[in-house]
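Note sheet for the following structure.
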Amino acid sequence: MLYQPVLAVDRHTATLASRRELRTRLLAAAVVAFAGVFVVYLLAVRTRWGQGFEDSALAGARQHRTGQWYGEADRWLNRITAESFGVSLAVLATVGLLRRRYLLALCGVLTAVGAVLAARLLKGALPGRPVFGAAAGHAALQAPNTLPSGHTAAAMGLFCGALIVVSRHWYIPVTLFGLPGAAVSGAATVAAHWHRLSDTVAADLLALAAGLAGLAAVAQLGLVLPTRSRRPSTFGRRLLYALLVSLATAALAIGAACVLRYHGATTQWSRDEAAYWAAQAFAVGSAVAVAGVMLAVCRRLESVGRRPPRGLTILER
């Protein structure tokens, strides 16, 4: 009777096809997120109006240097050091080891590290900020490139890496405790006059690209597949998704309203003030939106093993 081997081969072929399709979709999404980094760079760095808006936002940040948020933002960013980042990576690795998901732990750690390394490489590889106006012809006057923000990439990369490592049952506490730090990091870089808005948005997109690429690697290894559960999401998860959508929408709407104020302002002080609050709102909205996308992708996947399936060739893996 040959039907059993035939069924086994068919099931094996279907599993491989499912893995390849999932890997391809995740890689395509990662490429789109990575391309978004360059779109942000072109719009905010290489255009006169993009630079003008961000210059006004930084001038608005200088107006708030005597405020409490400036001091808190500066202190928060000073906590994101190589040492604290290393400790966070150790925690991610420990969670994966306790779950006995060793390759998941490795992919989660590499996701966070990859986001930081990619931010550093892009910051050095992208051309400097051009000077517009009367001095536009002097290349020596170009400002160095600051896109993307390494601090924001580290914070958001850790969040994306954590979603890869932990069980889906821990998505709610990881989001509630991890996302505020990632979102605050982006807004703090603008408030503390460390970075421009485009630097933080590009860092969020870069971390998302690293997270999606990490999931693609996990899918290629056969450790995750699209969820087969027919049960609806729990009330807590539905509430969390609704909260993220509401927060991202509200923050982006506030940012758009401040942009309208920026264009309609009659004094330079009011223009800078409106640009500053627009940058703050957009930084928070970008972080929440990116986190929501990563969470939405992760919740549609489930871990199906602790190690790659046996009997597969290297090419199949």
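Rule-based calculations on the coordinates, nothing more; no lab input. Since the structure is predicted, the reported quantities are computational estimates derived from the model, not experimental observations. For neighbour counting, all protein chains shown are included, and Cβ atoms are generated from backbone atoms with ideal geometry for every residue, glycine included.
Where the only charges are on Cβ atoms (+1 Lys, Arg; -1 Asp, Glu), what is the dipole of the chain about its Cα centre, to the nearest 20 debye?
Numbers: 32 positive and 13 negative charges, 252 e Å.
Value, rounded to 20: 1200 debye.
The share of C-alpha pairs in the chain whose separation exceeds 35 Å stands at 27 percent. Sorting the segments 104-117, 156-169 by their residues' average number of neighbouring beta-carbon atoms within 10 angstrom, most packed first, yields 156-169, 104-117. Across segment 187-192, rounded Karplus estimates of 3J(HN,Hα) from the backbone phi angles (6.51 cos²θ - 1.76 cosθ + 1.60, θ = phi - 60°) give 5, 5, 5, 7, 4, 8 Hz, Gly and Pro being marked x. The label-point distance for W170 and A242, in a model that sets each label 7 Å from Cα toward Cβ, rounds to 2.7 nm.
Relative to the present Cα-Cα distance, how much length would full extension add between N78 and D55 at 0.36 nm per residue of separation?
Numbers: separation 23, 0.36 × 23 = 8.28 nm, distance 2.33 nm.
The N78-D55 span can extend by a further 6.0 nm.
For R129, the residues 5 or more places off, or on other chains, whose built amide H falls under 5 Å of its own are A143, N145. Here the Karplus curve 6.51 cos²θ - 1.76 cosθ + 1.60, taken at θ = phi - 60°, turns the phi angles of segment 260-271 into couplings of 4, 5, 4, 6, x, 5, 9, 10, 5, 4, 5, 5 Hz, with x standing for Gly and Pro. Among V293, A275, W194, whose Cα lies farthest out toward the positive end of the dipole of the chain, if unit charges sit on the beta carbon of Lys, Arg (+1) and Asp, Glu (-1)? Positive-most Cα among the choices belongs to V293. Put simply, the amide H of E302, placed in the peptide plane, has neighbours under 5 Å in L225, T227, leaving out anything fewer than 5 places away on its chain.
Run the dipole for segment 142-257 about the Cα centre, Lys and Arg Cβ at +1, Asp and Glu Cβ at -1, nothing else charged, and hand back the magnitude in debye, nearest 20. Intermediate results must be reported in sequence, preceding the final value.
On the way: 7 positive and 2 negative charges, 127 e Å.
Rounded to the nearest 20 debye, it is 600 debye.
Charge tally for C298 (other residues, Cβ to Cβ under 13 Å; Lys, Arg +1; Asp, Glu -1): +3. Phi angles across segment 294-300 convert, under the Karplus curve 6.51 cos²θ - 1.76 cosθ + 1.60 with θ = phi - 60°, into 3J(HN,Hα) values of 4, 5, 5, 5, 5, 6, 8 Hz, Gly and Pro given as x.
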